[in-house]
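> Attaching a single structure in structure tokens format; questions to follow.
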Amino acid sequence: MEDQGIVHLYLQRSQQAIVETKDKYGAYCRVIARNIISNLSDIDECENDTYLAAWNAIPPTMPRKLSVFLGRITRNIALDRYSYITAKKRNRQFDAILTELEGCIASPDTVEGEYEAGETASLINEFLYGIEEQARNIFIRRYWYSDSIEELAMRFQMSSSKVKSILFRTRNKLRVHLAKGGVHL
């Protein structure tokens, strides 16, 4: 079923919307959740919570691209679950991803921080649109989808060391771009 048809089912409050969403985007949502958390029951819970959140958000929200809308919901739910889980134990792979980016992005704990976070997001988008497509795709797969270095190497048919090098150079360019945009780290 096409995305517009699925959204139409949500607007009609038809239970079939959840079935169609799961059929079309279930695997996609599970991959996003799995890259952040590793427990299968937590992944299933994130997937199901995504369907509930979509049900509650449509309407009033009308997603322009359903896959991105669901991906963002899944990622946010998985990150919340990750925070809950890591209150007791650590997920080394995701901690490594966060550590790689901590030199680029400050934590928004104040109103000023929230404003700066919005400005930072705009600068990051501007930066990503201005770099080479392959570097952009690798960066996004690593820091949005939380793909491992090995997964990226296989996906882009290059060595792990080349992936690490591209990520390192891209993070450095991002740091410079953010500094020029007035973001103080």
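The values are calculated or read from the model by the stated rules, or taken from the named source; none is laboratory data. Everything numeric here is computed off the predicted structure, so don't read it as measured data. All Cβ positions, glycine included, derive from the backbone under ideal geometry; neighbour counts span all protein chains shown. Side chains are part of the model used for accessible areas, which takes the heavy atoms of the whole protein and leaves out ligands, DNA and RNA. Shrake-Rupley method; radii C 1.70, N 1.55, O 1.52, S 1.80 Å.
> Looking only at residues in region 54-67 that are out of contact with any Leu (no Cβ under 9 Å at 6 or more places or on another chain) and at pLDDT 90 or above, which one is least open to solvent (accessible area, probe 1.4 Å)? Explain how you work it out, then say what you get.
The first filter runs over region 54-67 and keeps only residues out of contact with any Leu (no Cβ under 9 Å at 6 or more places or on another chain), leaving 55-57, 60-61, 64-67.
Next cut, at pLDDT 90 or above only: 55-57, 65-67.
Numbers: TRP55: 44, ASN56: 98, ALA57: 25, LYS65: 122, LEU66: 5, SER67: 21 Å².
In this case the residue turns out to be LEU66.
> Checking ASN76 against (1) of a type outside the set (A, V, I, L, M); (2) at pLDDT below 90; (3) open to solvent by 70 Å² or more (accessible area, probe 1.4 Å), which test does it fail?
It fails just one condition, (2).
> To continue, here is another question. Restricted to region 10-53, and to residues that are without any contact (Cβ under 8 Å) to a residue 24 or more places away in the chain and not in a helix (DSSP H, G or I), which residue is most open to solvent (accessible area, probe 1.4 Å)?
Only one residue fits best here, namely GLN15.
> Also: Could you check, for region 9-31, whether at least one of its residues is closer than 27 Å to ARG142 by Cβ and small (Gly, Ala, Ser)?
Yes, the conditions are met somewhere in region 9-31.
> Report, by residue number, each residue of region 58-86 that is of a type in the set (D, E, K, R) and outside any helix (DSSP H, G or I). Write out each step before concluding.
Filtering region 58-86 down to residues of a type in the set (D, E, K, R) leaves 64-65, 72, 75, 80-81.
Matches in region 58-86: ARG64, LYS65.
> Counting only residues that are open to solvent by 50 Å² or more (accessible area, probe 1.4 Å), hydrophobic (A, V, I, L, M, F, W, C) and free of Cβ contacts under 8 Å to residues at least 40 places away in the same chain, how many does region 143-160 have?
From region 143-160, those open to solvent by 50 Å² or more (accessible area, probe 1.4 Å) are 144, 150-151, 154-155, 157, 159; that's our starting set.
This time we only want the ones that are hydrophobic (A, V, I, L, M, F, W, C), so: 144, 154.
Then drop every residue that is not free of Cβ contacts under 8 Å to residues at least 40 places away in the same chain, which leaves 154.
Qualifying residue count, region 143-160: 1.
> With open to solvent by 40 Å² or more (accessible area, probe 1.4 Å), in a helix (DSSP H, G or I) and of a type in the set (A, V, I, L, M, F, W, C) as the only criterion, which of ILE166, ILE140 stands out? Step through it out loud before you land on a result.
Numbers: ILE166 fails: open to solvent by 40 Å² or more (accessible area, probe 1.4 Å).
Result: ILE140 is the single residue among ILE166, ILE140 that is open to solvent by 40 Å² or more (accessible area, probe 1.4 Å), in a helix (DSSP H, G or I) and of a type in the set (A, V, I, L, M, F, W, C).
> On to the next question. Restricting attention to region 169-185, report how many residues are closer than 12 Å to ALA135 by Cα and either in contact with an Asp or Glu (Cβ under 7 Å, 6 or more places away or on another chain) or exposed (fewer than 14 other Cβ atoms within 10 Å of the Cβ) (or both). Give the steps one after another, and end with the answer.
Filtering region 169-185 down to residues closer than 12 Å to ALA135 by Cα leaves 169-171, 173-174.
Adding the requirement that they be either in contact with an Asp or Glu (Cβ under 7 Å, 6 or more places away or on another chain) or exposed (fewer than 14 other Cβ atoms within 10 Å of the Cβ) (or both) leaves 169, 171.
Adding up the residues that qualify gives 2.
> Please determine whether any residue of region 107-118 is over 15 Å from the mean Cα position of the chain (by Cα), at pLDDT below 90, surrounded by 11 or more Cβ atoms within 10 Å (Cβ to Cβ) and in a loop (DSSP other than H, G, I, E, B).
There is at least one residue in region 107-118 that is over 15 Å from the mean Cα position of the chain (by Cα), at pLDDT below 90, surrounded by 11 or more Cβ atoms within 10 Å (Cβ to Cβ) and in a loop (DSSP other than H, G, I, E, B).
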